[in-house]
Amino acid sequence: MDMHSETFNPEDFAWQGLTLTPAAAVHICELVAKQPGMVGVRLGVKQTGCAGFGYVLDSVSEPDKDDLLFEHDGAKLYVPLQAMPFIDGTEVDFVREGLNQIFKFYNPKAQNECGCGESFGV
């Protein structure tokens, strides 16, 4: 698939979508309940790290016009249309690792990840 900015139009594709595990959905609902005006979470990507791209999570008080909405058990996950080629098909989970609690991303498009886990390549 050729994804150069001159030729790629994300509106031309049928997306698989993103899924939330029950744990991720519960955590997003808890975040929304604690922050007045927040309606959900936005998952995007940015160029970073040694592998190329990193995930970015932001709170959403008003969705952007190009956001796609994925909802599970009342939790709303917004994804910018431009990020879909990099994260389509991703499962978002929320896990405990020792004393830490973090979102985990299981991305079928990720062909490699850096050693520290900060970034991925597609």
Note to self: Could you go through region 52-59 and let me know if any residue there is at positive phi and in contact with a Ser or Thr (Cβ under 7 Å, 6 or more places away or on another chain).
What the structure shows: yes
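For (1) of a type in the set (Gly, Ala, Ser); (2) within 16 Å of the chain's Cα centre (by Cα); (3) outside any helix (DSSP H, G or I), each residue gets a yes or a no:
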position	(1), (2), (3)
Ala23	yes, yes, no
Glu30	no, no, no
Pro36	no, no, yes
Pro63	no, yes, yes
Val79	no, yes, yes
Pro85	no, yes, no
Asp93	no, yes, yes
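Each reported figure results from applying straightforward, stated rules to the coordinates on display, with no laboratory input. Keep in mind that what you see is a predicted model, and the values were worked out from it rather than measured. When we count neighbours, we look across all protein chains shown, and the Cβ atoms used for this are built from the backbone with ideal geometry, even at glycine.
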